[in-house]
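Remarks on the structure that follows.
What follows is calculated from the coordinates using simple rules that are stated; it is not laboratory data. These figures come from a predicted structure and were not determined experimentally. As a convention, Cβ positions derive from the backbone with ideal geometry for all residues, glycine included, and neighbour counts pool all protein chains shown.
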Amino acid sequence: MEQQNTEDVLILAIESSCDETAASVVKNGREVLSNIIYSQIALHERFGGVVPEIASRKHIEKINQVIRQALEEAEVSLQDITAIAVTYGPGLVGALLVGVAEAKAISFAAGIPRVGVHHISGHISANYIEYPDLEPPFVCLVASGGHSHLVLVKDYGDYQILGRTRDDAAGEAFDKVARAIGLGYPGGPKIDRLAKEGNPDAIPFPRAKIAENEYDFSFSGLKSAVLNYLNGCRMKGEEICQADVAASFQKAVIDVLVEHSLHASKAFSCDKFAIAGGVASNSSLREAFRKECEKNHIRFYHPSPVYCTDNAAMIGAAGYYEYIRGVRHGWDLNAVPGLKL
């Protein structure tokens, strides 16, 4: 086994908030020693989305296996672990409970402290893994299947939400539109691929603005506009170009995400901007942000796709900063599906 410095903080991290069972060992918040992910996408694909009961059962089946694998790959034992970090919200309550119960069981058996981690804090912290120079303050866009948050990261674990979605999250809109045009689940990667073959200016889909908060998002109107367009074409017997619909829809989402994010970065005088969450792996979104940040002399941070989707390494990074701030959770740590940031 690898010899660890006694001053090193090794976090064993567990993530089970949705349909990925994941475990990781992270050293000092930035170095990933292992990152094991068991994905359930193939299992839920036939249902067109995540079925919570199936997700929970599969987490129970796989969680010991991924933790054992994470420890083996990192070449450490539980005796080397400083603390256990676990996602306790937000997410699917049954899925979260599996991870929280597992963390408490290992904590009890091995005498290791517990640190509950907010899932969105984890996504933001994914950027620390690949960018050793990145330190707060910066603005971060978290865009995933369940969340669209524009966050001012004031310090490690200290967040101010500038804007959030009023209805559908960006990733949720991708999934619903993908289903409507016959691409199936998961929608994000499929629309990303198909959009490359289409004309992003073919269909003028709307870009929503929220009067009360200039940083808030709304994607339900855009989703409805796509559905109305598809229904209109079918009623008139007109041919639907899937690639054009995908490209035009994707551009409408990207335009809003980029505009709000750059506006916030300038308003709060941040010359650092980061993206996080599943939608952050979208190639067109990354390219749009790269161009706009370069144009505005803002440093752009974006995790590799493996750290954009749900994983435990990001929970380990967030857990490290919580741990060194003195955060410890008692045996009453519980799943909080609607946990606020």
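Model label points for K196 and R234, set 7 angstrom from Cα along the Cα-to-Cβ axis, are 2.9 nm apart. Comparing V76, V117, V25 in a Gaussian network model of the chain (Cα springs below 10 Å), the most mobile by mean-square fluctuation is V76. Of the chymotrypsin sites (Phe, Trp or Tyr not before Pro) in the range 274-341, the ones in a loop by DSSP (not H, G, I, E or B) with at most 15 other beta carbons within 10 Å are W331.
What is the percent of Cα-Cα separations in the range 115-159 that go past 11 Å?
On the way: 668 of 990 pairs.
I get 67 percent for the Cα pairs in the range 115-159 exceeding 11 Å.
Peptide packing: for 161-170, 225-234, the average count of neighbouring Cβ atoms within 10 Å per residue gives the ranking 161-170, 225-234, highest mean first. Using +1 at the Cβ of each Lys and Arg and -1 at the Cβ of each Asp and Glu in the range 1-123, identify which of L96, L78, T21 lies farthest towards the dipole's positive end. The residue sitting farthest along the positive end of the dipole is L96.
Mean residue ellipticity, 222 nm, helices only, the chain: the sum of -39500 (n - 2.57) across DSSP H runs of n ≥ 4, divided by residue count and rounded to 500, is -14000 deg cm²/dmol.
Comparing S121, S269, S284 in a Gaussian network model of the chain where C-alpha atoms under 10 Å apart are linked, the largest mean-square fluctuation is found at S269.
Here the chain is treated with +1 on each Lys and Arg Cβ and -1 on each Asp and Glu Cβ, and its dipole about the Cα centre works out to around 720 debye.
Within the listed set D216, D175, D158, the Gaussian network model of the chain (springs between alpha-carbon atoms below 10 Å) gives the highest mean-square fluctuation for D158.
How big is Rg to Rh over the range 47-170, alpha-carbon atoms, Rh as the Kirkwood inverse-mean-distance radius?
Over the Cα atoms of the range 47-170, Rg/Rh equals 1.00.
Checking the cross-link pairs K176/K209; K104/K223; K190/K266; K196/K236; K27/K154 against a 30 Å limit on the alpha carbon distance flags K104/K223; K190/K266 as lying beyond it. With a simple spin-label model that places each label point 7 Å from the Cα along the Cα-to-Cβ direction, the separation between S269 and S220 comes to 3.8 nm.
Within the range 171-246, report the GluC sites (Glu not before Pro) that DSSP leaves as loop and that have at most 15 other Cβ atoms within 10 Å.
Those that pass, being in a loop and sparsely packed, are E197, E212, E214, E238, E239.
For the range 2-98, applying the loop criterion from DSSP together with a ceiling of 12 other beta carbons within 10 Å to the chymotrypsin sites (Phe, Trp or Tyr not before Pro) yields F47. Ranked for footprinting exposure by Cβ neighbours inside 10 Å, fewest first, E20, E45, E292 give E45, E292, E20.
Exposure proxy ranking for V86, V151, based on other Cβ atoms within 10 angstrom of each Cβ and starting from the fewest, stands as V151, V86. Taking one quarter of the surface of the C-alpha convex hull of the range 147-276 gives a mean projected area of 8.7 nm².
Compute and list, largest first, the equivalent-ellipsoid semi-axes of the chain from the alpha carbon gyration tensor, each √(5λ) rounded to a whole angstrom. Each step should come with its number before you reach the end.
Numbers: eigenvalues 255, 106, 53 Å².
Ellipsoid half-lengths, sorted descending, are 36, 23, 16 Å.
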